[in-house]
1. Give segment 87-119 a look and list any residue that's in contact with a helix residue (DSSP H, G or I) (Cβ under 8 Å, 6 or more places away or on another chain) and assigned to a loop (DSSP other than H, G, I, E, B), or say none.
2. Would you be able to say whether some residue in segment 177-189 is polar (S, T, N, Q), closer than 23 Å to TYR107 by Cα and either out of contact with any helix residue (DSSP H, G or I) (no Cβ under 6 Å at 6 or more places or on another chain) or not in a helix (DSSP H, G or I) (or both)?
3. Please specify each residue of segment 122-145 satisfying the condition of being over 18 Å from SER191 (Cα atoms), aliphatic (A, V, I, L, M) and not in a strand (DSSP E or B).
4. I'm trying to understand the selection: among the residues of segment 140-150, which are under 13 Å from HIS199 (Cβ atoms) and surrounded by fewer than 17 Cβ atoms within 10 Å (Cβ to Cβ)?
5. Say we look at segment 14-57 and pick out the residues that are of a type in the set (S, T, N, Q) and outside any loop (DSSP other than H, G, I, E, B); which of these is nearest to GLY209 (Cα to Cα)?
6. Residue under question is ASP132, and the condition is that it be within 21 Å of ALA194 (Cα to Cα) and open to solvent by 80 Å² or more (accessible area, probe 1.4 Å); does it hold?
7. Filter segment 190-223 down to the residues that are part of a loop (DSSP other than H, G, I, E, B), among the small types (Gly, Ala, Ser) and modelled with pLDDT under 90, then identify the one that is surrounded by the fewest Cβ atoms within 10 Å (Cβ to Cβ).
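The values are calculated or read from the model by the stated rules, or taken from the named source; none is laboratory data. These numbers were taken from a predicted model, which means no experiment stands behind them. Cβ placement follows ideal geometry from the backbone for every residue including glycine, while neighbour counts extend to all protein chains displayed. Accessible surface areas use protein heavy atoms only, side chains included; no ligands, DNA or RNA. Shrake-Rupley method; radii C 1.70, N 1.55, O 1.52, S 1.80 Å.
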Amino acid sequence: MDVSTVPLPGMDQGDGEVVLISRRFVGGREQQKAAVNAVSAYWKNLPLPSGFRSMNCFESVDGENIMTVVQWDGEDSWDRFFRSHEPFMIPGVETADDARRLRPELYHRYRGKVAREEGEAVCVVAPTFDVDGPERQRRAVDTLLDGPLKGRFPGLRAMHFLLSGDGSRVLNYAEWTSQRAHEEFLRDEMSRDAFEALHSVAGVRGLAGKRYLLHERLTGPAD
């Protein structure tokens, strides 16, 4: 199946309250394909505990990055797994020391919106904002969802705003029904208004997000 047509599972399906996200620069499409295959094989060969909910492995459209999104039912489940397993090293991308140092980013759900009538999502965009503490995390999200992103946009199926456990980042896991829809959003007034609103909040620094396509999904025992 062409990866660009694989429907996304949707984070609104309630896979888990704790989300671990790893993003790696791999350098090119050949390295990208090898990396996502290695990550998928690693998770398939693990005896997955009951607290594990899902693993979704993505390829960036530009061929430069991969992203792994793993959901757990709580921090305890993730922490037990992390303590009992050696960090996975992506061959040809990182060393064993890199793998031990680059722990996945831990996020918790905060707010979101879902427009199921938009249809199946096939593309994820995951921009991240650097912020100065937990209050700024919530302020940034509330400013967007209660302001310029309150309305609907064609092709935007869902937005799930996640807050990092250390209070330093916000990630918007945005699900799109097509890459073209996201491109049109970037040219639209809503996108410009969101950018201006975000940058009006002190202690918040917005960063761009790449488009990703799903490579593989695994679900845990509870599914």
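1. PRO87, PHE88, MET89, ILE90, PRO91, GLY92, VAL93, ARG103
2. No, there is no match, as no residue in segment 177-189 is polar (S, T, N, Q), closer than 23 Å to TYR107 by Cα and either out of contact with any helix residue (DSSP H, G or I) (no Cβ under 6 Å at 6 or more places or on another chain) or not in a helix (DSSP H, G or I) (or both).
3. The one that is over 18 Å from SER191 (Cα atoms), aliphatic (A, V, I, L, M) and not in a strand (DSSP E or B): VAL122.
4. GLY147
5. Ranking the candidates gives SER22 first.
6. yes
7. My answer is ALA208.
Yes/no matrix, rows are residues, columns are (1) open to solvent by 40 Å² or more (accessible area, probe 1.4 Å); (2) closer than 21 Å to ALA158 by Cα; (3) over 20 Å from the mean Cα position of the chain (by Cα):
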residue: GLN31; (1), (2), (3): yes, no, yes
residue: TYR42; (1), (2), (3): yes, no, no
residue: PRO47; (1), (2), (3): yes, no, yes
residue: GLU59; (1), (2), (3): no, yes, no
residue: GLU64; (1), (2), (3): yes, no, no
residue: MET67; (1), (2), (3): no, yes, no
